[in-house]
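K.L.:
Quick one: the structure is below, and I'll ask about it shortly.
The values are calculated or read from the model by the stated rules, or taken from the named source; none is laboratory data. As the structure is a prediction and not an experimental result, all values here were calculated from the model. Every residue, glycine as well, gets a Cβ built from its backbone with ideal geometry; the counts of neighbours run over all protein chains shown. Keep in mind that these areas ignore ligands, DNA and RNA; they rest on the heavy atoms of the full protein, side chains included. Shrake-Rupley method; radii C 1.70, N 1.55, O 1.52, S 1.80 Å.
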Amino acid sequence: MTIIAGASRWSIAREDGVRIIRVQRSARNGAFGAERRFGAEVVPLLAAGRFDVVHALGARDAFGALSARRVARHRTVYTCLGLPAFDYHDRPDADAHRRVAAEIDVYGCLSLYAMSCLQRDFERCGVLTPGGVRLDRFTPAGRSDAPTLLYSGALDEPRKGVAVLLQALAIIAKSEPGVRLWLTGSGDPSVVLAAAPPAARERTEYLGVGGIEELPHRYASAWATVLPSINEAFGLVLVESLAAGTPIVASDHGSLPELVEPGIGFLARPDDPDALAQACREVLELAREPSVEDRCREAARRHDWDSSVAPAVEAFYLGADRDDSG
């Protein structure tokens, strides 16, 4: 196996039996400029490598894989890490994505919702390739003393619904005065916190981004993880929460209903603080059940890399799930 990735400088190494080629990519022209350069520079590497399958995670490198296929004859796979919808592709790589959607051998989507967007906007079928977790890295631990909700994600993107969550928190506090909210993720939360009700601000703690090693403990210490966003392609934070034995609350929108089922969490209407508050009150009661950790872990098992996700990926590498609709 060979992995080609962008880096600050060129290098070739072998790690754990995997050959890793790091291609220098400059950010002088911005993120999309760097992606364009990376996509161009992988073409000769792919053409010379004679790979059986090339799996791309970006539209530009998928474009490069298609270009190199004329010489190398490899099977091409692309996993879209967002939503394959027209309104998400009003961006510099839209031309590359249109060709990828038309010609790639296998177009992978993170959720059934994303697959429906691909069918609707590009008139082709996709293959379900959801995200995964290493279940052994997320284990239950003692919960915090106070009933605590966790939000993990971008803090300054309106689509994520942090403002709605803070409004809901103030409503929850009327019946659950000890409730707390932990915010973790990228972005500056100061603006959304300044606009929040006082009852929410005084119960909210910003934990910062946090390292990979810190996140499992945060999930396990919280009573529930809340993701009140819209237009999510997958919702990995919910799977990570379940892997840590912690129940979930999510908006009834996009892909999120695919991850929520009875006994492990609740759904709420999007952009509705009262509905979100009610779902959070219910999940706090659910978190008090002794068996909830086991149920959450079992729900996360179908997203375990080793036992579920990796075998499925290997299957479409070998052509068992060939998507011939492109």
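Table: residues versus (1) free of Cβ contacts under 8 Å to residues at least 60 places away in the same chain; (2) within 30 Å of residue 222 (Cβ to Cβ); (3) not hydroxyl-bearing (Ser, Thr, Tyr).
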| residue | (1), (2), (3) |
| --- | --- |
| 72 | yes, no, yes |
| 92 | no, no, yes |
| 97 | yes, no, yes |
| 115 | yes, no, yes |
| 133 | no, yes, yes |
| 161 | no, yes, yes |
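K.L.:
Select from segment 203-213 the residues that are open to solvent by 80 Å² or more (accessible area, probe 1.4 Å) and either among the charged types (D, E, K, R) or closer than 23 Å to residue 168 by Cα (or both) and list them in ascending order.
P.N.:
205, 206, 209, 213
K.L.:
Quick check on residue 284: is it open to solvent by less than 20 Å² (accessible area, probe 1.4 Å), under 13 Å from residue 226 (Cβ atoms), more than 23 Å from the chain's Cα centre (by Cα) and among the aliphatic types (A, V, I, L, M)?
P.N.:
In short, yes.
K.L.:
Continuing with this model, one more query. Restricting attention to segment 1-25, report how many residues are of a type in the set (S, T, N, Q) and touching a strand residue (DSSP E or B) at 6+ places or on another chain (Cβ under 6 Å).
P.N.:
Going through segment 1-25 one residue at a time, the tally reaches 2.
K.L.:
Here is a further query. How many of the residues in segment 177-221 are without any contact (Cβ under 8 Å) to a residue 60 or more places away in the chain, under 18 Å from residue 148 (Cα atoms) and either of a type in the set (S, T, N, Q) or assigned to a helix (DSSP H, G or I) (or both)?
P.N.:
7
K.L.:
Return the residue satisfying two criteria in turn: it lies in segment 168-215 and is among the basic types (Lys, Arg) and touching a strand residue (DSSP E or B) at 6+ places or on another chain (Cβ under 6 Å), and of such residues it is farthest from residue 135 (Cα to Cα).
P.N.:
In the first step, residues of segment 168-215 are kept if they are among the basic types (Lys, Arg); the result is 174, 180, 201, 203.
Now restrict to residues that are touching a strand residue (DSSP E or B) at 6+ places or on another chain (Cβ under 6 Å): 180, 203.
On the way: 180: 27, 203: 31 Å.
Here the residue is 203.
K.L.:
Take segment 134-167 and flag every residue that is among the small types (Gly, Ala, Ser) and either assigned to a loop (DSSP other than H, G, I, E, B) or farther than 21 Å from residue 282 by Cβ (or both).
P.N.:
141, 142, 144, 146, 153, 154, 161, 163
K.L.:
Which one of the conditions (1) out of contact with any Gly (no Cβ under 9 Å at 6 or more places or on another chain); (2) farther than 30 Å from residue 74 by Cβ; (3) not aromatic (Phe, Trp, Tyr) does residue 248 fail to meet, given that it meets all the rest?
P.N.:
(1)
K.L.:
So the check is Cβ under 8 Å with 6+ separation or different chains; which pairs have a first residue in segment 1-14 that's under 18 Å from residue 46 (Cβ atoms) and a second one that's open to solvent by 70 Å² or more (accessible area, probe 1.4 Å) and in a loop (DSSP other than H, G, I, E, B)?
P.N.:
Close Cβ pairs (under 8 Å, with a partner that is open to solvent by 70 Å² or more (accessible area, probe 1.4 Å) and in a loop (DSSP other than H, G, I, E, B)) amount to 6/25; 7/25.
K.L.:
Moving on to the next point. Applying the selection to segment 55-84, what residues are under 28 Å from residue 229 (Cα atoms), surrounded by fewer than 20 Cβ atoms within 10 Å (Cβ to Cβ) and not aliphatic (A, V, I, L, M)?
P.N.:
82
K.L.:
Going through 239, 226 one at a time, which residue ends up being touching a Pro at 6+ places or on another chain (Cβ under 9 Å) and either not small (Gly, Ala, Ser) or not in a loop (DSSP other than H, G, I, E, B) (or both)?
P.N.:
On inspection, the qualifying residue turns out to be 239.
K.L.:
State the number of residues belonging to segment 85-123 that are under 13 Å from residue 231 (Cβ atoms), open to solvent by 40 Å² or more (accessible area, probe 1.4 Å) and modelled with pLDDT of 90 or more.
P.N.:
Within segment 85-123, residues that are under 13 Å from residue 231 (Cβ atoms), open to solvent by 40 Å² or more (accessible area, probe 1.4 Å) and modelled with pLDDT of 90 or more number 2.
K.L.:
Of the conditions (1) open to solvent by 40 Å² or more (accessible area, probe 1.4 Å); (2) closer than 22 Å to residue 114 by Cβ; (3) assigned to a loop (DSSP other than H, G, I, E, B), residue 257 fails just one. Which one is it?
P.N.:
(3)
K.L.:
Checking residue 38 against (1) closer than 23 Å to residue 318 by Cβ; (2) in contact with a strand residue (DSSP E or B) (Cβ under 6 Å, 6 or more places away or on another chain); (3) surrounded by 14 or more Cβ atoms within 10 Å (Cβ to Cβ), which test does it fail?
P.N.:
In the conditions (1) closer than 23 Å to residue 318 by Cβ; (2) in contact with a strand residue (DSSP E or B) (Cβ under 6 Å, 6 or more places away or on another chain); (3) surrounded by 14 or more Cβ atoms within 10 Å (Cβ to Cβ), residue 38 misses (1) alone.
K.L.:
Looking at segment 262-272, is at least one residue over 25 Å from residue 131 (Cα atoms) and open to solvent by 10 Å² or more (accessible area, probe 1.4 Å)?
P.N.:
In the first step, residues of segment 262-272 are kept if they are over 25 Å from residue 131 (Cα atoms); the result is 271-272.
With the extra rule that they be open to solvent by 10 Å² or more (accessible area, probe 1.4 Å), the set shrinks to 271-272.
Yes - at least one qualifying residue is present in segment 262-272.
K.L.:
To continue, here is another question. Condition first: at pLDDT 95 or above, assigned to a helix (DSSP H, G or I) and of a type in the set (Lys, Arg). Can you find one or more residues in segment 302-322 that meet it?
P.N.:
No, that holds for no residue.
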